[in-house]
Structure formats: structure tokens, C-alpha cells
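Working notes, structure below.
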Amino acid sequence: MTEPFETSTDHSELDMRQKVLEILLSHQGEYVSGTTICESIGVSRTAVWKHIKALENLGVSIESVTRLGHKLLSIPDLLLPAIMKANVGSNQGIGKYILWHEAIDSTNMEAARQVKNAAPHGTVITAMRQLGGKGRRGRVWFSPNGGLWFSVVLRLPIPIRHAADLTLLTSVAVRRAIVRATGQNVLIKWPNDLLLNGRKICGILAEIRADGELLQHAIVGVGINSNIPAADFPSELSDYATSLVAEGSPPISNVKLAADIFLEMETLFTQMVESGIGFASVLVEWKNASATLGKSVRIMTPQGLVTGFAEDIDASGILYVKGDDGRLAPVHSGDVLFE
Ligand code: BTN
């Protein structure tokens, strides 16, 4: 891709680092001479050396030997475009373009800036940590190093009334990938939080723009508490939130997890656009993984508190809550409160 957009960090430097890393990745197990790298990317030996040092600071392990050159020994678990390229494979959709940051305010906010700069469908913004991660309803999202934080730009020709399907489908995509990676019994709390042993391990924040009846674009932000040690959670969160490692998973590869999620999202969204069937296509799977159905719930909705028994969900994601009077109340959006 020719870079159609600018970013808040120095991306020309980052791009050079990516190119050096790509060259090293394409010569795995072999030395590549400094001259070869200089000639391939058109910079001086001093500049190459600076990029090698910068990569080492990010955790890329490189052996540099006089007269032989540089050999890649190992790569860190970071969603650097060069590393993701090797993992996303032939996926031409989500994750084809990745913008990586060491630290950023919020990947959703950066995605909104990139949308203004014409970021294409499928662009992923990701960061090692967020300094102002956004949760639903104006909450702050705890986003230290170790977690998986990303936002996807979607430009899909779907009616705006189906926009809620994007988050519901994303929760299913993320759940599938986490279950494959960990074997853990991850459940979905309506509408789209993922829970492990009753506490939250993933949240999704979708921000949507309409153009009349059609979706203009959506930014779907996903936060997964993957490799965050239990002791790192602030005390006010630890009753409600946990991480995969805190629940006993061995450290997982954020790179592989992200690549798997991108493929799952791509599959579900393509199917939705082609067949017009969105959430309905995964309704049974969603119900089987639900932490909400069949439970007494208290839901904070834009219209106020709804309490009762979570009886069912329909093909558009509307939850039906049976009140004390036996009547079913349809709930379109809200937050199921933790007990
Ligand atoms: C929630 O409240 O459950 C939604 C949390 C969404 C967090 C993710 S992390 C990546 C993306 N960037 C943000 O600022 N928020 C979302």
C-alpha cells in the first residue's frame, strides 16, 4: 500500500524499521550484510545500524557479526506489520494494512483519525498500550502492555439497522479464536463482553457513522486481557476483570491470536455482506456460549434499569427479559450489571 494517511508517531522511521525487519525475516537463519540492507532500502549504513538498535529495543533479537552482517534470532510477540504479514497469510481483508504503535491514546481514536485520512476497509490500528483506552459508556479501559488492543476500520455496504450485528459477530469471532488458543470455557455476556470464570476478559467498542440508511464506516475496537498478570489489575477492577494468564492459561501469542481473529471476522463479515444474514448465522453458537440467557439479570439501558429473567435473544440481537409480571420486555441495548 502506498501510505495514504499520516499517523501521530514518526512513521517514516517506523516504516524503515519495518523494512529492515522484513528483510531479516525473509533471510531467517542467514546473515544479511549491512550493504544488502542499505541497498534494498536506500539508506546509509549508519541509518541501518540505528534501525537494528531500535528493533533490538523492541525485543527483536539480532546477532550482528563483523563482515557477516545481521541474523535474526527471534522476534517479540508484537503486532508489527512485518511480523503480522507472516501470520495473516493470504488474508486480503482485515489486517491487510496494520498501523502499529508502541503507545497511543486509544486505537479507536486513532482509527477515527485514519478514517478521515481515507484509511481503507480492513485497516487495523494496534498499540502495545493505550494511555486513554475507551470503554463503553465513557468508561476508561485499562490497557497496559501484555494485552491485545486493536481497532478495525470497516467500510461495508450494509443497512445501518444491521450495524449491531458487527459487534455481536465480533464477539463470536474473538471467542472462537480465544477458545482455540486456550481451550478455556469463555462465555459471552450480552451484548458482547467475553467472560472467563465470571469475570471480563474482553470488551468491544463499536463506533458507527451512517450515511442515510447505509453504514458509512464502523470502527470496531477490541480489548483482550491476554497476558496481564493478576497482580497488575487495579483493585477496583479485580472483582470484574481478569486475564487469560491470570486464569491459568500459559502466556499466549497476541500475534497468533490477532491473526486468527482477523480471519474469523473476515469470514463472518463476508458471509454477512454476501448473504445478508448477519447475527442469525451464529445465533445457535451465541446461545450455546451465553453467560446471560437463563439468568436473573439487571440491565442498565438508556431508558433505565430493567430487571428480570433473561429468557431469549432473537436474530437481531434483541434480548427478551421476563419481568415479575410475566411480560417479556425487548432490550435493544444496555449493560448487564455484574452481581
Ligand atoms: C467495553 O467497555 O467493554 C469496551 C472496551 C473496548 C476496549 C477496546 S481496546 C481497543 C479499542 N480502543 C479503545 O480505546 N477501546 C477499544
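The values are calculated or read from the model by the stated rules, or taken from the named source; none is laboratory data. Keep in mind the model is a prediction, meaning the values are calculated, not measured. Here the Cβ positions follow ideal geometry from the backbone for every residue, glycine too, while neighbour counts run over all protein chains shown. Heads up: the accessible areas ignore ligands, DNA and RNA and are worked out on the full protein's heavy atoms, side chains in. Shrake-Rupley method; radii C 1.70, N 1.55, O 1.52, S 1.80 Å.
Couple of notes before you dig in:
- Here the simple spin-label model places points 7 Å from the Cα toward Cβ, and for GLU274 and ASN185 these points are separated by 3.5 nm.
- Local net charge near ASP105, Cβ-Cβ under 12 Å (Lys/Arg +1, Asp/Glu -1): +2
- The trypsin sites (Lys or Arg not before Pro) of the stretch 45-130 that DSSP puts in a loop, and whose beta carbon has at most 10 other beta carbons within 10 Å, are ARG67.
- The number of Lys pairs in the stretch 48-197 with C-alpha atoms less than 29 Å apart, excluding pairs fewer than 8 positions apart on the same chain, is 15.
- Highest mean packing comes first when the peptides 246-254, 213-221 are listed by Cβ atoms within 10 Å, giving 213-221, 246-254.
- Going by accessible surface with a 1.4 Å probe and the largest first, LEU79, LEU237, LEU283 read LEU237, LEU283, LEU79.
- Computed over protein heavy atoms with a 1.4 Å probe, the carbon and sulfur contribution to the accessible area of the stretch 240-339 reaches 54%.
- Cα shape, the stretch 149-225, gyration tensor, a/c 1.5 rule: prolate
- Cα gyration tensor of the chain - equivalent ellipsoid semi-axes, whole Å, descending: 40, 21, 17
- For the pair SER44 and SER333 in one chain, pulling the backbone fully straight at 0.36 nm per residue adds 98.4 nm over the alpha carbon distance.
- Listed residues THR46, THR307 arranged by accessible area, highest first, probe 1.4 Å: THR46, THR307
- Estimated at the nearest 10 Å², the accessible area of LEU263 is 80 Å² with a 1.4 Å probe.
- Given their separation in residues at 0.36 nm each and the Cα-Cα distance between them, SER316 and LYS287 gain 9.2 nm when the chain is fully extended.
- DSSP-defined beta bridges in the chain - what % are antiparallel, rounded to 5: 85
- Here the contact order of the stretch 225-332, divided by its residue count and restricted to Cα pairs under 8 Å and six or more residues apart, works out to 13 percent.
- Mean separation of Cα contacts under 8 Å, 6 or more apart, over the residue count of the chain: relative contact order %: 13
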